[in-house]
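J.: Take a look at this one; I'll ask things after.
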Amino acid sequence: MAHYAKPEYWEERYQREPEPFDWYQKYQGFRDCLAQNMKAEDKILHIGCGTSRMTEDMYKEGFTETTNVDISPTAIEQMKERYKESCPNASFVVMDARKLEFETGSFDVVVDKGTLDCLLSDEAGFETIETVLNEIYRVLTPTGTYMCISYGFPQYREQCFKLGAWNWRIVWEKVVKPTIGSGVSAVKEELLEQKNFHYIYIPVSYTHLRAHETVLDLVCRLLLEKKKKKKK
């Protein structure tokens, strides 16, 4: 996997395979969690967009203010051409997640599907991850939300979110992988195994806290709000 952190690998891959491709699974698989943490008017940054259809799927649901960045010029040109008519408000920009060229506090939401996982294979390892997370933290508004979709187990990925001085507490959800959930019912024993899930990590900042609310209160409130939305 070491090559996944190298820009030249992605350039060659997108030149060879120009068709849209979604890592892990499509937007529909993560929709419930993502949609409940975004509003239609939010300014959304999608880092490492590649040739994913996620921007298109989100656009159809009313999340139209999206900025999509990727380190591959080929992928970005493909996305610009593909969505110039169907997603006119979406923008596509060549950019390195380690050095985001946006003003501080520019976005309400940052979505990452697999980018953190790829960069973990970089030779600099956690140093690279800390740099990327610092940039994500910087471009988010004080009450902004970062959602990281990963194959990594909580006991490993949570270490990444503790690297810097962000004072994050991690709320996470798991989504059954398509190979388990598509077409056949999963066996209970299989659903107990971590490897059969993708994970959505949402680092929560203290700025999300209401007056006199503890971190535990916050987590409980978020879970209750989620249950209420599901009942509607």
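The values are calculated or read from the model by the stated rules, or taken from the named source; none is laboratory data. Keep in mind that what you see is a predicted model, and the values were worked out from it rather than measured. Note that each Cβ is placed from the backbone with ideal geometry, even for glycine, and that neighbours are counted across all protein chains shown. Each accessible area value is taken on the protein alone, full model and side chains, heavy atoms only, with ligands, DNA and RNA left out. Shrake-Rupley method; radii C 1.70, N 1.55, O 1.52, S 1.80 Å.
J.: Here is the link list: Lys80/Lys177; Lys60/Lys113; Lys43/Lys80; Lys174/Lys195; Lys60/Lys177; Lys39/Lys113. Which ones come out longer than 21 Å on Cα distance?
T.: Lys80/Lys177; Lys60/Lys177
J.: Which FRET efficiency, nearest 0.05, do Tyr156 and Ala35 yield, Cβ-Cβ r, R0 30 Å?
T.: 0.65
J.: Give the accessible area for Arg31 in Å² (nearest 10); use a 1.4 Å probe, count only protein heavy atoms, and leave out ligands, DNA and RNA.
T.: My reading of the accessible area for Arg31 is about 90 Å².
J.: Could you list the GluC sites (Glu not before Pro) in region 106-156 that lie in coil according to DSSP, counting only those with at most 10 other Cβ atoms within 10 Å of their Cβ?
T.: Passing sites in region 106-156 are Glu123.
J.: Distance from a point 7 Å along Cα→Cβ of Ile170 to each backbone N in region 136-151: keep the residues under 14 Å and list them by number.
T.: 147-151
J.: Run the accessible area of region 36-182 with a 1.4 Å probe and give the carbon-and-sulfur part as a rounded percent.
T.: It is 48 percent, rounded to a whole number.
J.: Using square roots of five times the C-alpha gyration tensor eigenvalues, list the equivalent-ellipsoid semi-axes of region 44-91 in whole Å, biggest first. Spell out each step's value before the answer.
T.: On the way: eigenvalues 51, 26, 14 Å².
Listed largest to smallest, the semi-axes of region 44-91 are 16, 11, 8 Å.
J.: Between Asn89 and Glu8, what length comes free when the chain is fully extended (0.36 nm per residue of separation minus the Cα-Cα distance, one decimal in nm)?
T.: Result: 26.3 nm gained on full extension.
J.: Hey, another quick one. Based only on Cα atoms, what mean projected area does the convex hull of region 41-175 have, in nm²?
T.: For region 41-175, averaging the hull's shadow over all directions gives 8.3 nm².
J.: In whole Hz, what ³J(HN,Hα) sequence does region 92-109 give by Karplus (6.51, -1.76, 1.60; θ = phi - 60°), x for Gly and Pro?
T.: 10, 9, 6, 6, 8, 4, 7, 8, 6, 8, 10, 5, 4, x, 7, 10, 8, 9
J.: Taking the highest mean first, how do the peptides 75-81, 167-173, 6-12 order by number of other beta carbon atoms within 10 angstrom per residue?
T.: Put in order of decreasing packing, that is 75-81, 167-173, 6-12.
J.: Amide H neighbours of Ser52 under 5 Å, at least 5 residues apart or on other chains, H built in the peptide plane: list them.
T.: Phe21
J.: A follow-up question, please. Can you give the accessible area of Asp32 in Å² (nearest 10), computed on protein heavy atoms with a 1.4 Å probe?
T.: 100
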